[in-house]
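Each remark here refers to the structure printed beneath this line.
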Amino acid sequence: MGKREDINYKLPSGFDIELLPGERRLELFLLETISSVFERYGFTPLETPAVERLEVLQAKGNQGDNIIYSIEPIVPQDMGDSNESSDGSSRGLKFDQTVPLAAYIARHLNDLTFPFARYQMDMVFRGERAKKGRYRQFRQCDIDVVGRGSLDLLYDAQMPAIIAEIFESIDIGKFLIRINNRKVLTGFFKGIGIEKDKIKTCINIVDILEKVGASKVKKELEKEGISENIADEIIEFINIKGGSEEIFATLDRKSTELKESEDFLVGIKELKDVIKGVRSLKVSEDKYCIDLSIARGLDYYTGTVYETTLVGYENLGSICSGGRYEELVGTFVGDKLPGVGISIGLTRLMSKLMDANILKPMSASPAQVMVLNLDRDLIDTYLEISQNLRQAGIKVVTRFEKQKIGKQIQQADRLGIPLCLLIGKEEYTQNQCRIKILNTGEQLDISLENLVEEVRKILNNQS
RNA sequence: GCGAGCGUAGCCAAGUGGUUAAGGCAGUGGAUUGUGGUUCCACCAUUCGCGGGUUCGAGUCCCGUCGUUCGCCCCA
């Protein structure tokens, strides 16, 4: 098979994110759809390097060491230890877009206009155990808005509107954006007497409710030294269900029962403002809800948090999530620079949705027309026709190699090219061209003068 | 990092100590010379991740090694 046995060319675990042509075309289509929604809301495109200093990557939160890939050069042997002083080990690959954004803002503070709204659809890297649909390198589509000093809660409200618009336009069925506010959670924990240093742990435990179920959450909480009564109270709290007004009513009632409810009240107020904004942005009621069990694992979230699931496919997990972070950017700059953002894990989303047959790959080739090679002597005609079509904006593949006609048509079919142009001696002498429409098998003879026009007409009818 | 499983062609695989290593998909060639997605025929692994061992004999058992998958953890 001509295969080299000494080189293992398989991709390492977690990096098998290569797509076939039709899949890549689908990805590009999605990227285009997503970015056009982002831009409709005035977000500006941005890209940051794959590499940042470790101190930047580790600046906030507990992402820690087990997910960051460090990067260092391979020192050539004959260079001895001359590279030893390089600080290669102090760099790593970015594991999300938010932390690099914070650093970016710190670097360009004086060149940017605030609130700064940007989108980014780069690859990120996580050194975690790979799973089906969960990779070590993957593409995330992020938007964030960062304000200087303060950031209006309407930016938080805008996020669900953007999410809704995106998932409506890529047509993947019903989805639900679940909204919560971390201050509601932390305020509640504080109010029922949980010590400050345990609140973070509690948030992380609560976050896994959906995955592991209430009894496991309770067990975990008790492992942290939380009494059974309190654990029950927590579970009851995060399970509160209902419409927005209903939940607000419950929360208001709860706030009077709590010992210390300042944070809790702030959280409720924020959540109310956000929901009000979402409503004003005309996001339809069945697309979002308040869900007090949404906490998000990342440490840097401080206020609003979001998670989006596909209705009927909840097991796919969150397809878009994010939240507000008050302190993250400020870790690099002295100022207060609160931000809010969301992220779509596109690689994972595509992989899962294609497995579930919700998304289907596009045709392998963007070409709309294939000019067949029936006679090598007519190659100049083929080239000329191809150029004419291209000038009219039509995507054309010209066959240079003479092959059995059936093979050529078969190839066009496999590539998903809808039209074949056949010009042999016969057609040529009559100044004609035969157009074959592959999905119907229909053929028609057109004079060369009208060809461009005719092809365009057929293509229009097809789409 | 810990626990479990798996490793047979480009892909999916049967095979559980005897040997010519099923089958399917894909691929290549053909079924009379200018027509595809259907059908039919032929071809397509001196070899079972790698190394060692047990045995008259190993893809099949044992040890090691590498790779990979799943679970815990974490998350997109």
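General observations
- For a label point 7 Å along the Cα-to-beta-carbon line of A:GLU401, residues of region A:13-42 with backbone N under 20 Å: A:21
- Among A:119-126, A:145-152, sorting by the average number of other beta carbon atoms lying within 10 angstrom of each residue, highest first, gives A:119-126, A:145-152.
- Within straight-line reach of A:LYS132, meaning a Cα separation under 16 Å, sit the following lysines at least 8 residues removed in sequence or on another chain: A:LYS352.
- Counting only residues at least eight positions apart within a chain, or on another chain, the lysines with an alpha carbon under 23 Å from that of A:LYS425 are A:LYS402, A:LYS404, A:LYS407, A:LYS436.
- Ranking A:VAL146, A:GLY225, A:LEU19 by how far each Cα lies toward the positive end of the dipole of chain A (charges on Cβ) leaves A:LEU19 at the top.
- As a ratio to 2.2 N^0.38 Å, the alpha-carbon radius of gyration for chain A is 1.25.
- Here is the list for region A:355-426: GluC sites (Glu not before Pro) lying in DSSP coil, each with at most 14 other C-beta atoms within 10 angstrom of its C-beta, are A:GLU401.
- Among the GluC sites (Glu not before Pro) within region A:194-293, those in coil by DSSP and having at most 15 neighbouring Cβ atoms inside 10 Å are A:GLU195, A:GLU224, A:GLU260.
- Between region A:115-192 and region A:6-40, the alpha-carbon center distance in angstrom: 20
- In region A:336-429, the trypsin sites (Lys or Arg not before Pro) that fall in loop regions by DSSP, at most 15 other Cβ within 10 Å: A:LYS336, A:LYS395, A:LYS402, A:LYS404
- Annotation: lysines with alpha-carbon distance below 20 angstrom to A:LYS198 (same-chain offsets under eight excluded): A:LYS60, A:LYS183, A:LYS190, A:LYS216, A:LYS218, A:LYS219, A:LYS223, A:LYS259.
- Averaging 1/r over every pair of different alpha carbons in region A:369-462 and inverting the result gives a Kirkwood radius of 13.0 Å.
- With the simple model of a label 7 Å out from the Cα in the direction of the Cβ, A:LYS132 to A:SER169 spans 3.2 nm.
- Subtracting the Cα-Cα distance of A:ARG376 and A:ALA249 from their residue separation scaled by 0.36 nm leaves 37.8 nm.
Each reported figure results from applying straightforward, stated rules to the coordinates on display, with no laboratory input. These figures come from a predicted structure and were not determined experimentally. Every residue, glycine among them, receives a Cβ derived from its backbone with ideal geometry; neighbour counts consider all protein chains shown.
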